[in-house]
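Following: one structure in structure tokens, then a few remarks.
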Amino acid sequence: MRITMFRKLMAGEFGQVRAEMIARDHVLSSLGGRTADEALEAGLGAKEVWVAVCDAFEIPENRR
């Protein structure tokens with residue numbers, strides 16, 4: 001998955017503004033105590049980050 005797809009999925013799930021806030025500010029323990037943006041910058045795959053966000057926010061399987 002590309003980062004552009006990750007951003008598109010985030011915006012579709014949370015709305016553009018909230019998606020940006022979550023990616024920037026919400027620390028995820030499953031990503032080593034990093035935010036989604038920090039994890040992406042550190043080289044983690046966009047799919048891995050998306051799954052971590054989905055798990056944290058209990059996104060149903062059919063929307064992952």
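The values are calculated or read from the model by the stated rules, or taken from the named source; none is laboratory data. This structure is a prediction, so every number in the text was calculated from the model and none was measured. A quick note on method: Cβ atoms are made from the backbone with ideal geometry, for glycine too, and the neighbour counts reach across all protein chains shown. These area figures cover heavy atoms from the full protein model, side chains too; ligands, DNA and RNA do not enter into them. Shrake-Rupley method; radii C 1.70, N 1.55, O 1.52, S 1.80 Å.
Data table
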| item | result |
| --- | --- |
| Selection from segment 16-39 of residues that are open to solvent by less than 90 Å² (accessible area, probe 1.4 Å), more than 15 Å from CYS54 (Cβ to Cβ) and hydrophobic (A, V, I, L, M, F, W, C) | VAL27 |
| Condition check for MET10: among the aliphatic types (A, V, I, L, M) and in contact (Cβ under 8 Å) with a residue 12 or more places away in the chain | yes |
| Unmet requirement for ARG63, which otherwise passes all of (1) within 17 Å of MET1 (Cα to Cα); (2) at pLDDT 95 or above | (2) |
| Hey, MET5 under 15 Å from ARG64 (Cα atoms), open to solvent by 50 Å² or more (accessible area, probe 1.4 Å) and modelled with pLDDT of 95 or more or not | yes |
